[in-house]
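Peer 1: First, the structure itself, so that you have it in front of you.
Bear in mind these aren't lab numbers, they're just calculated from the coordinates by the rules spelled out. A quick note: this is a predicted structure, and the numbers were derived from the prediction, not measured. Note: ideal-geometry Cβ built from the backbone for every residue, glycine included; neighbour counts use all protein chains shown.
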């Protein structure tokens, strides 16, 4: 059952990121919101990330995304997540690079971050490799 629950929370994260990107998020009111400790190896990682995203968004909305560069980065990363998720949700759930990128993106709603080109390049390079792995998996 935990695997199905994590798939559910991954889908909820993707859905909420889409809604935030469009500017029309519908936040559930039935979840106890508090900041959860994030452990990348936790079987509850996506649940914790989802609750943190809700919590940070409810607290700060998009006020921590202050510059155009941050906005472009957020939008591009969210769009890539949508593409990867729609191609293979299980791959999203399993890839360490995607998990780390989710953590980084969701943390944008907690605190404003300077855009570090080296980190951004590494994230996009790793996600490009994820997309290549998905393409190779589909055609092999």
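Peer 1: Given 0.36 nm per residue, what is the gain on full extension from residue 62 to residue 41 after removing their alpha carbon distance, in nm?
Peer 2: Length gained, residue 62 through residue 41: 4.8 nm.
Peer 1: Ordered by packing density, taken as the mean number of other Cβ atoms within 10 Å over each peptide's residues, highest first, how do 84-93, 119-128, 11-20 rank?
Peer 2: Output ranking for 84-93, 119-128, 11-20: 11-20, 84-93, 119-128.
Peer 1: Shifting gears a bit: Would you mind ranking 24, 101 by Cβ crowding within 10 Å, fewest neighbours first?
Peer 2: Result, fewest neighbours first: 24, 101.
Peer 1: State the extension gain, in nm to one decimal, for the chain segment bounded by residue 120 and residue 86, taking 0.36 nm per residue of separation less the distance between their alpha-carbons.
Peer 2: Once the chain is fully extended between residue 120 and residue 86, it gains 10.0 nm.
Peer 1: How big, in percent, is the set of alpha carbon pairs in the chain lying more than 28 Å apart?
Peer 2: For the chain, the fraction of Cα-Cα distances above 28 Å is 13 percent.
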